[in-house]
Amino acid sequence: MAMQTVEIIPAEFPELTKLAWNRDPRRPMADDEVFALYERNWRFVDHEHLTEEETRLLRELCDKYGHGLRLV
């Protein structure tokens, strides 16, 4: 059974907005693309500036795509 893709708007998450610097942050992205973007660029995420909502998003993405491993 395939996982349902959810669209995420990077502009709603400060650190994700920074990672999506080369695209329109108001344009929705598929959640698997967002997870891959976080994963590839984790070293650039300012962990002290993650909002509660962004931390929750990261947990959800890790649960869905991270095979039990967490970035946060």
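Data table
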read-out: Qualifying residue in the range 9-17 (condition: of a type in the set (Ser, Thr, Tyr) and either closer than 19 Å to Tyr65 by Cα or touching a strand residue (DSSP E or B) at 6+ places or on another chain (Cβ under 6 Å) (or both)); value: no
read-out: Checklist (1) touching a residue at least 60 places away in the same chain (Cβ under 8 Å); (2) under 11 Å from the mean Cα position of the chain (by Cα) applied to Met3, failing item; value: (2)
read-out: Residue among Arg26, Arg43 that is loosely packed, with under 12 Cβ neighbours inside 10 Å and in contact with a helix residue (DSSP H, G or I) (Cβ under 6 Å, 6 or more places away or on another chain); value: Arg26
read-out: Selected residue (criterion: modelled with the lowest pLDDT) from residues of the range 46-72 that are part of a loop (DSSP other than H, G, I, E, B) and surrounded by 11 or more Cβ atoms within 10 Å (Cβ to Cβ); value: Val72
read-out: Candidate set from the range 30-40 (those that are acidic (Asp, Glu) and touching a helix residue (DSSP H, G or I) at 6+ places or on another chain (Cβ under 8 Å)); member that is nearest to Leu16 (Cα to Cα); value: Asp31
read-out: Residues satisfying the stated conditions in the range 8-26, i.e. of a type outside the set (Asp, Glu) and either over 13 Å from Leu58 (Cα atoms) or free of Cβ contacts under 8 Å to residues at least 24 places away in the same chain (or both); value: Ile9, Ala11, Thr17, Lys18, Leu19, Ala20, Trp21, Asn22, Arg23, Pro25, Arg26
read-out: Count - residues of the range 12-23 that are within 11 Å of the chain's Cα centre (by Cα) and exposed (fewer than 14 other Cβ atoms within 10 Å of the Cβ); value: 0
read-out: Residue within the range 19-29 that is within 20 Å of Tyr65 (Cα to Cα), outside any loop (DSSP other than H, G, I, E, B) and touching a strand residue (DSSP E or B) at 6+ places or on another chain (Cβ under 6 Å) present; value: yes
read-out: Neighbours by Cβ (under 6 Å, 6+ apart or cross-chain): first from the range 35-63, touching a residue at least 40 places away in the same chain (Cβ under 8 Å); second of a type in the set (Phe, Trp, Tyr) and surrounded by 11 or more Cβ atoms within 10 Å (Cβ to Cβ); value: Glu54/Phe13
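The values are calculated or read from the model by the stated rules, or taken from the named source; none is laboratory data. Here the structure is a predicted model, which is why all the values come from computation and not from measurement. Note: ideal-geometry Cβ built from the backbone for every residue, glycine included; neighbour counts use all protein chains shown.
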